[in-house]
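The structure appears right after this line, and notes come after that.
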Amino acid sequence: MADPLRVLAVDTISLTAYGLSYLLDENQFIVLPEHAGSCAQAREYCGRYMPDILVLARQLTKPYLEAVIGRFRQDYPTMRLVLVDEDNGDELQPHYLLSLGITGYLRRNDSPEIWQRCFRVLVEGGVYVGESETSPLSINQANDNNLTSGQLTERDIKLLQLLANGLSNEEIAIQLSLSKHTVKNSLTTLYKQLGVQTRYQAIAWGIQAGVLGEQPT
């Protein structure tokens, strides 16, 4: 049996850590005793405890979400990041979350069942970005019988980068000087090779495989 995953909660609300300790299966997760109330404090605790999962309140990342997430990913590349949003905030789009390297996205008012589902997906090596067709996705299952990152062509990688930037098929066609029909067929072929069904799942595959290690430009 695998060792439990260490979870660090970073939030202005200290009850988040206590709630997680009751919500998560103690055989699969250990909620660390420290509660970080700021990103600076979180970095200190990450260096001390080396958590497997960081549960981070979006409120603490404002107005520099990309920089904050990028710093954590740079310093702790194997750590999984779960972003917790406010109930009344603007919902972040899946392709944007995936391009940042977010592996879990929740809202405070999500039901306990949704929180538990998100963490179960993380245990399986997947990405969970909300209750939609794009998730949950088990990247490990997608990789079992499909391409590795080293087998991707330059066009495949470029397609993944453009998808992660949120471009539509028409915009991708313009970028690559191709017809929309060719782009659609190319994406269909790529999805089949990766063992995924949607563009968001393809982006998640690219992040997990290291093809989209940084947010594309």
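The values are calculated or read from the model by the stated rules, or taken from the named source; none is laboratory data. Just so you know, these numbers come straight off a predicted model, no measurement behind them. For neighbour counting, all protein chains shown are included, and Cβ atoms are generated from backbone atoms with ideal geometry for every residue, glycine included.
Within region 184-201, the set of residues being assigned to a helix (DSSP H, G or I) and more than 15 Å from His95 (Cα to Cα) comprises Lys184, Asn185, Ser186, Leu187, Thr188, Thr189, Leu190, Tyr191, Lys192, Gln193, Leu194. Of the helices (runs of 4 or more DSSP H) lying entirely inside region 14-85, not one is found with 1 or more residues being more than 15 Å from Phe119 (Cα to Cα), modelled with pLDDT of 95 or more and not assigned by TED's automatic domain parsing to the domain that holds Leu98. On the stretch given as region 86-119, residues that are outside any loop (DSSP other than H, G, I, E, B), free of Cβ contacts under 8 Å to residues at least 60 places away in the same chain and within 14 Å of Leu54 (Cα to Cα) total 4.
Assess whether Leu60 counts as being surrounded by 13 or more Cβ atoms within 10 Å (Cβ to Cβ) and in contact with a Phe, Trp or Tyr (Cβ under 6 Å, 6 or more places away or on another chain). When the stated conditions are applied, Leu60 does not pass them. For Ala17, the test of being among the small types (Gly, Ala, Ser) and surrounded by 21 or more Cβ atoms within 10 Å (Cβ to Cβ) is failed. If you take the residues of region 132-145 that are surrounded by fewer than 16 Cβ atoms within 10 Å (Cβ to Cβ) and of a type outside the set (Gly, Ala, Ser), which of them is modelled with the lowest pLDDT? Within region 132-145, the match that is modelled with the lowest pLDDT is Glu133.
Picking from residues in region 94-131 that are polar (S, T, N, Q) and surrounded by fewer than 20 Cβ atoms within 10 Å (Cβ to Cβ), the one that is modelled with the highest pLDDT is Gln116.
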